[in-house]
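To start, the structure itself, in structure tokens.
The values are calculated or read from the model by the stated rules, or taken from the named source; none is laboratory data. Here the structure is a predicted model, which is why all the values come from computation and not from measurement. Glycine also receives a Cβ, built like all others from the backbone with ideal geometry; neighbour counts cover every protein chain displayed. Note: areas computed on protein heavy atoms with side chains; ligands, DNA, RNA excluded. Shrake-Rupley method; radii C 1.70, N 1.55, O 1.52, S 1.80 Å.
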Amino acid sequence: MYKPAANKILIDVLIKAGLLTQAEASQCIILAKQERCNLNTYLVRHGILTDREIIDTLAKELKLEVVDLKQIEIPPQVIERVPVKFASFYEFMPIAVEGNVLTLAISSPLDVRVEDDIRVHLGLEPKEVLALKFDIAEALKKYYGLASDTIDKILTKEPKHRQEQADAWVEDIEKKSEDPSVAKLVNQIIFEAYQKRATDIHLEPYRDKVRLRYRIDGILVDAHLPPEARHFLLPILSRIKIMSNLSITEKRLPQDGSAVVRTNEQDLDLRVSTIPTPRGESMVVRILPTKNMRTNLESLGLNEHNAVKFRQLIQQPHGIIFVTGPTGSGKTTTLYACLHELNGDEHKIITIEDPVEYEMEGITQVQINSKLNFTFAEGLRSILRHDPDIIMVGEVRDLETAEIAIRTALTGHLVFSTLHTNDAASGITRLIDMGVEPYLVASSVEAFVAQRLVRLICPSCKEQDMDVPGRVRQEIRQSLGLPHDDFPVYKGRGCDRCNQTGFYGRSAIYEIFEMTETARALLTTKPRIERLKQMAIGAGMKTLRQNGWQCVVAGTTTPAEVLYVTAKDDASVVANAAMTNEPAVFV
């Protein structure tokens with residue numbers, strides 16, 4: 001909101017400090033008024049000055065104290081004393097009440113009228129300290145709850161009976177609206193998730209409360225909804241259902257739908273799923289940014305050796321390549337990167353997925369519909385009549401799909417698919433357990449690629465970790481064959497960019513199991529997984545954990561992250577493999 005009096009104080013300070021000229025200040029005031037924001041918001045948003053430069057200048061010129069809100073624990077009685085609509089409207093954070101004095105953190109000066117409002121409505125004398133604007137916004141969310149100002153306005157405004165339209169549209173979730181409504185509340189929830197790089201939004205009902213969590217870099221983080229949000233669970237769910245073309249009256253059965261929303265930067269595809277619980281419906285919204293998909297193999301995390309081998313595999317004229325790993329390990333993203341490498345005028349590529357997660361130009365994408373009995377198996381039979389060269393099957397879940405995919409590969413097609421297994425070698429036993437004959441696996445499969453996602457150290461707060469246990473350093477040294485264990489290891493200290501987690505983004509680690517002639521011959525004897533892994537390690541295969549340790553030594557992730565996402569390599573397998581001269585199975 002544009003605030004002329006506060007802007008004038010800030011302008012005088014910035015001009016006096018030499019950070020702006022009078023002409024620059026006048027132009028900024030005009031543009032800030034057009035954007036309906038206060039001056040410091042405009043200056044930071046357009047990169048003219050940083051938030052830190054502004055408060056440091058104010059502190060020097062106005063003789064005000066600067067506080068770090070991240071290091072302060074604000075008592076509950078202070079929050080109860082100052083209504084959220086007051087703190088949110090005037091953009092300050094109350095931090096202490098002593099007698100009749102209210103200490104409040106601001107990022108730009110308050111004008112006299114605001115100070116008078118505090119005296120009149122709260123009965124307190126304001127004492128101002130300075131804090132970063134971002135920290136104030138985060139503190140308001142932390143102590144009052146996400147979108148608490150919107151919820152408060154909905155509770156206090158005059159009721160309006162408006163009929164929601166179920167027509168298809170693209171909602172602009174970043175559009176500013178002064179009208180407090182459930183639609184605005186939902187937009188705030190989705191936009192907040194997008195800004196924090198969340199991949200999923202979890203809405204969970206419990207007795208007398210609603211829990212909202214975001215999954216950021218694979219970890220769930222509480223979004224701190226205010227307690228009053230429990231009154232809006234049904235309207236919030238109904239609003240998202242309407243956006244996703246789901247039935248708002250059906251609350252007893254699971255539902256799945258999709259929607260598209262828009263930000264200033266890009267459109268977001270939303271995948272919405274609901275399930276009934278004793279306290280109401282639980283909803284998960286998957287967020288799929290249309291511009292952030294990684295479309296080349298190097299961006300996925302493949303090292304140079306694995307990237308070369310991977311490209312050799314996907315250039316095969318026929319056969320199956322399985323990408324394995326648990327749910328959420330990035331298998332589909334890897335497959336999309338493979339298809340992007342192969343996409344061209346000379347290839348007809350068809351995918352069959354559940355659901356279609358990213359739309360790719362030049363590729364025919366088919367979504368299964370279990371309600372109409374259109375399964376992976378049925379889809380595979382149909383798309384073969386469309387003369388494809390390359391086929392991607394979202395997942396092999398049963399014997400029927402596996403056998404059709406295998407026979408498709410044997411008739412001259414290159415097939416990509418996924419399996420849920422712990423490592424690459426387990427993909428073989430998974431297919432055999434489904435009922436696929438070993439000779440079919442041996443004759444059709446080109447490779448199994450296992451993968452996991454590890455969080456990357458935030459580059460803004462990266463520092464050397466001096467507290468790595470000696471046993472971990474020893475394992476890394478032995479696993480990679482390093483001459484010593486005094487290599488540097490890094491961690492993230494935690495900063496505003498990474499939400500104090502120390503991690504920013506994720507990358508994949510891989511192990512690749514190539515089906516050589518020796519491996520194909522061995523499959524007919526139905527060998528144990530341990531035997532296959534022993535041969536692989538003896539031939540120089542790098543396991544998931546070894547690839548993880550390489551990332552640690554390269555300084556991109558932490559030992560704790562690698563230990564969390566990988567299974568411990570069997571020491572006896574490694575030792576036995578080193579003593580044998582088994583032929584190569586893994587690469």
Heavy atoms of R286 accessible to a 1.4 Å probe, total area in Å² rounded to 10: 90 Å²
Ranked order, R473, R36 - accessible area, probe 1.4 Å, largest first: R36, R473
Of all the accessible heavy-atom surface of the chain, with the other protein chains kept in place and a 1.4 Å probe, what percent is carbon and sulfur? 50 percent
Sort the following peptides by mean Cβ neighbour count (other Cβ atoms within 10 Å, averaged over residues), highest first: 552-562, 227-237, 450-460, 72-82. 450-460, 552-562, 227-237, 72-82
Per-residue SASA entry for D387, accessible area with 1.4 Å probe, Å² rounded to 10: 120 Å²
Counting only Cα, what are the radius of gyration and maximum Cα-Cα distance Dmax of segment 1-101, in Å? 15.4, 45
SASA check, C461, accessible area w/ 1.4 Å probe, all protein chains in place, rounded to nearest 10 Å², comes out at 0 Å²
For I390, I432, give the ranking by accessible area with the largest first, probe 1.4 Å. I432, I390
My understanding is that a pair violates if its Cα-Cα distance is over 27 Å; which of K141/K184; K331/K533; K33/K462 do that in this structure? K33/K462
In debye, nearest 20: dipole of the chain around its Cα centre with unit charges on the Cβ of K, R (+) and D, E (-)? 760 debye
For the chain, any Cys whose C-beta has no other cysteine C-beta under 4.7 angstrom counts as unpaired, and these are C28, C37, C338, C551
In segment 21-128, the chymotrypsin sites (Phe, Trp or Tyr not before Pro) that sit in a DSSP loop and have at most 11 other Cβ atoms within 10 Å of their own Cβ are none
Give the accessible surface of segment 415-485 per residue, rounded to a whole number of Å², with probe radius 1.4 Å and ligands, DNA and RNA excluded. 42 Å²
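What Kirkwood hydrodynamic radius, in Å, does segment 385-543 give when the mean of 1/r is taken over all pairs of distinct Cα atoms and then inverted?
18.8 Å
When only the heavy atoms of the protein chains count and the probe is 1.4 Å, how do Y564, Y504 rank by accessible area, highest first?
Y564, Y504
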Highest-first arrangement of 96-104, 407-415, where packing means the average Cβ count within 10 Å: 407-415, 96-104
For the chain, averaging the sequence separation of alpha carbon pairs under 8 Å that lie six or more residues apart and dividing by its residue count, the contact order in percent is 8 percent
Under 17 Å from the Cα of K63, which aspartates and glutamates turn up, not counting those fewer than eight places away in the same chain? D12, E53, D111, E128
Where both residues lie in the chain, what percent of DSSP beta bridges are antiparallel, nearest 5? 65 percent
Which of the aspartates and glutamates could a cross-linker bridge to K251, judged by Cα under 20 Å and excluding same-chain residues fewer than eight apart? E164, E204, D208, E281
Per the helix-only calculation at 222 nm, which mean residue ellipticity applies to the chain, given -39500 (n - 2.57) for every DSSP H run of n ≥ 4 and division by its residues, nearest 500 deg cm²/dmol? -11000 deg cm²/dmol
Which FRET efficiency value, to the nearest 0.05, is calculated for R311 and E115 with the Förster distance at 56 angstrom and r the Cβ-Cβ distance? 0.25
